[in-house]
1. Tally up the carbon and sulfur contribution to the accessible surface of segment 152-205 as a whole percent, 1.4 Å probe, everything protein left in place.
2. If you stretched the chain out fully between ARG212 and GLU37, how much longer would it get, using 0.36 nm times the residue separation minus the C-alpha to C-alpha distance?
3. Give me the accessible area per residue for segment 136-226, probe 1.4 Å, as a whole number in Å².
4. With a 10 Å radius around each residue's Cβ, average the other Cβ atoms per peptide and rank 144-153, 6-15, highest first.
Amino acid sequence: MSLDTLNVHPLSGYSFIERESQPEEDNSVTARLKRLEEQYGESGIRRSVEAIMLVSVHDFPHVLVLQVANAFYKLPGGYLDPVESDSSGLITRLNEQLGVPFTPSLIHAGKMTEVKGITTPIDGSTKITGGDGTLWISPAGGDWKVEDLLSTWWRPNYDTFFYPYIPAHISQPKECKKLYLVKLPPNKTFAVPVNMKLHAIPVYEFYDNAARYGPQFAGIPYILSK
């Protein structure tokens, strides 16, 4: 899949519901960096993956971005377990953050039907099983699909700085973060944690705007223009 042939579907084809809160694992930057140091001592370099998911608003590409607690912005995704591949790990993180978990309450809410003990989504979607046994609701035409690797960022030290290269004097970077293009189906329901907001931000908003969004977001217009 290349950006030249990517179909970007209208935002109007997606629906959004609330799900349980997902508090941040660390309550401060200091705590986050301390945990990074501990994890590096246990399993080496941390691997993380994030998704660039595009939608169309007024025929212009927008990126789906999470805003946490009305504060900072981040792309959907997260840290990988040491044994996870980039692709399967990113799908797992997306389901954990924005997927619709299958629960009996969906039947009572009219989202599922039950015939002879078998539950089926009324919109024709299917259930898929995550690596931990959790059931997630997946659109009938397919769900998110990991496509091109768009950029790779490196955290050289135990601080907040990432670079799109490994500095020459660094032999053991502490984290590698990869940004992947993730293709969306034409229709899908996103379950957004109540402590977050999911925004569709136009690509031009990131251009030359590292002061607000940071350098990784500011680089998105460049990597999408290839």
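1. Details: 1390 of 2560 Å².
Ligands and nucleic acids excluded, carbon and sulfur reach 54 percent.
2. Details: separation 175, 0.36 × 175 = 63.00 nm, distance 2.71 nm.
This chain segment gains 60.3 nm when fully extended.
3. On the way: 4450 Å² over 91 residues.
Value for segment 136-226: 49 Å² per residue.
4. Details: 144-153: 17.1, 6-15: 13.8.
Packing proxy ranking, top to bottom: 144-153, 6-15.
The values are calculated or read from the model by the stated rules, or taken from the named source; none is laboratory data. Note that the coordinates shown come from a computational prediction; the quantities given were computed from them, not determined experimentally. Neighbour counts are summed over all protein chains in view; Cβ atoms, including those assigned to glycine, are modelled from backbone coordinates with ideal geometry. Ligands, DNA and RNA are excluded from the accessible area calculation, which covers all protein heavy atoms including side chains. Shrake-Rupley method; radii C 1.70, N 1.55, O 1.52, S 1.80 Å.
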